[in-house]
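Structure, as structure tokens:
The values are calculated or read from the model by the stated rules, or taken from the named source; none is laboratory data. On a predicted model such as this, the values are computed, not experimentally measured, just so you know. Reconstructed Cβ throughout: ideal geometry from the backbone, glycine too, with neighbour counts over all protein chains shown. SASA here: full protein model, heavy atoms, side chains in, ligands and nucleic acids out. Shrake-Rupley method; radii C 1.70, N 1.55, O 1.52, S 1.80 Å.
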Amino acid sequence: MSCSLTVKQLFPPSHAAKICPNHCFIFPDAPPAPCPAQRTVRIPLLVLHDQRRLSHPHFSAHPQLDLTTYCNATCYWQGDGELDVNLPTERLAFETLYSDGSRTLTTVGVKGEKKHGDTSPPTQLSARRKRAARHRRRRRQIYGEDGRFSIPGDHFLLEYPFSTAVLISTGCSGVLVSSRHVLTAAHCVHNGKDYVKGSQKLRVGFLSPPDRNSTRPGQSSPARPLVHWVRVRRLRVPKGWIQSPPEIRMDFDYTLLELRRPHRRPFMRLSVAPSFEDLAGKRIHFSGFDSDRPGELVYRFCPVEDESNELIYQHCDARPGASGSGVYGRVWDSALERWDRKVFGVFSGHQWLEVDGQNYDFNVAVRLTPLKIAQICYWLHGSHVSCNQDLE
């Protein structure tokens, strides 16, 4: 795809939200639309039960940068019924891996609502999803014309939100969510059975514009951006990723990395994933380091095709290496009375769905549900109170 748009055209200042008492204007000259109704989301309370040491892992797994899973109607709707309080407690336990190779298992309890979602879930794919995924294709992650944009390294790499995207030394992408924490995909460090090679000495790469003096005379292309690597102190992986069957393991494909020292870049705030109907433009966005464009930060956006309680189904173009990118969108912030970019998902990979004897395929992102946000906030702060304050 030949794209003539510049980054400034993608994010012009005039696209900032304009607020009036009863209506919102998302884009210039757009007709006013009612501001989204304020929705109260309760974040469950995680209570520490036990922590014990585990044996050192073997670090024998190979990184899998092109994750593909298969799902039928049973696993697709497995999260839409009444919530079994013991089930999330078991799967929200987590392992902590330290840089010296030691690890611990922490079990937690959940205090919160006993019901989650509709007790009578639908049994068929929506008509919208059927129309979007009716075509059959071979295993790949580009849909039609390539709609990705490479972010120029001379200036925009340090501009928000692109400056929040980071490299993971195992070949994935990630997003900054605090002054020393990175959110990425669990499969970038663990294959469900063992930690991948290199995860014990995991590093996070920060891109910066290339040195203007590094371009040699007669060089046809400018120098690539510079990468500054920072070691990871520890990482946490949900037990749901480690112990779940393959067909629902993608629901827990997220992990949090803690850096050895804080960085100075802006980071994105977390949010419970809203319904795509509540997103500005009903679109998601993410930036990552696709393997077919080495040394480049690649940005893309696309509409959400559909969603389950645990996953976001979309056709954003992506290639291996983009896994772990923070999926964000403009979410209405009632306290600030404006649309604000927040991370509410993690790009995971590709999923084949088989429903009613028909196959559908999507690129998939993990939704950050209230339970997952509670777990991640516990990793970030160790305090439920701090978690709620951070999300307000």
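At the residue level, residue 50 shows approximately 80 square angstrom of accessible surface with a 1.4 angstrom probe and all protein chains present.
Each label was represented as a point 7 Å from its Cα along the Cα-to-Cβ direction; for residue 359 and residue 269 these points are 4.4 nm apart. With unit charges on the beta carbon (Lys/Arg positive, Asp/Glu negative), name the residue among 325, 302, 351 whose Cα is farthest towards the positive pole of the charge dipole of segment 285-371. Ranked along the dipole, the leading option is 325. Please give the FRET efficiency for residue 194 paired with residue 41, using the beta carbon to beta carbon distance and R0 = 35 Å, rounded to the nearest 0.05. In this case the efficiency is close to 0.50. Selection among 192, 210, 311 by position relative to the dipole of segment 173-321 gives 210 as farthest towards the positive end (Cβ unit charges, Cα centre).
Electrostatic bookkeeping for residue 101 treats Lys and Arg as +1 and Asp and Glu as -1; over the other residues with beta carbon under 15 Å from its beta carbon, the sum is +4. Remark: segment 196-342 carries 42 Å² of accessible area per residue (probe radius 1.4 Å; ligands, DNA and RNA excluded). In this rough spin-label picture, where each label sits 7 Å from Cα along the Cβ direction, the residue 211-residue 60 distance is 4.4 nm. Label-to-label distance, residue 150 versus residue 105, with points set 7 angstrom from Cα along the beta-carbon direction: 4.7 nm. Each of 328, 70 has its accessible area taken with a 1.4 Å probe; listed largest first, they run 70, 328.
Counting only heavy atoms of the protein chains and using a 1.4 Å probe, residue 55 has close to 80 Å² of accessible surface.
How charged is the neighbourhood of residue 296? Take every other residue with its Cβ under 11 Å from the Cβ of residue 296, and add Lys/Arg as +1 and Asp/Glu as -1. Provide the component values of the computation, followed by the final result.
Numbers: positive: 148, 224, 293; negative: 290, 292.
Around residue 296, the charge tally is +1.
If R₀ is 45 angstrom, what is the calculated FRET efficiency for the pair residue 282 and residue 261, using the beta carbon separation as r and rounding to 0.05? Let's see the in-between values first.
Details: r = 39 Å, r/R0 = 0.86.
According to the calculation, E is roughly 0.70.
Could you sort 146, 100 by accessible area so the largest value comes first, with the probe set to 1.4 Å? Before the final figure, lay out the partial values.
Numbers: 146 35, 100 100 Å².
Listed by decreasing accessible area, they come as 100, 146.
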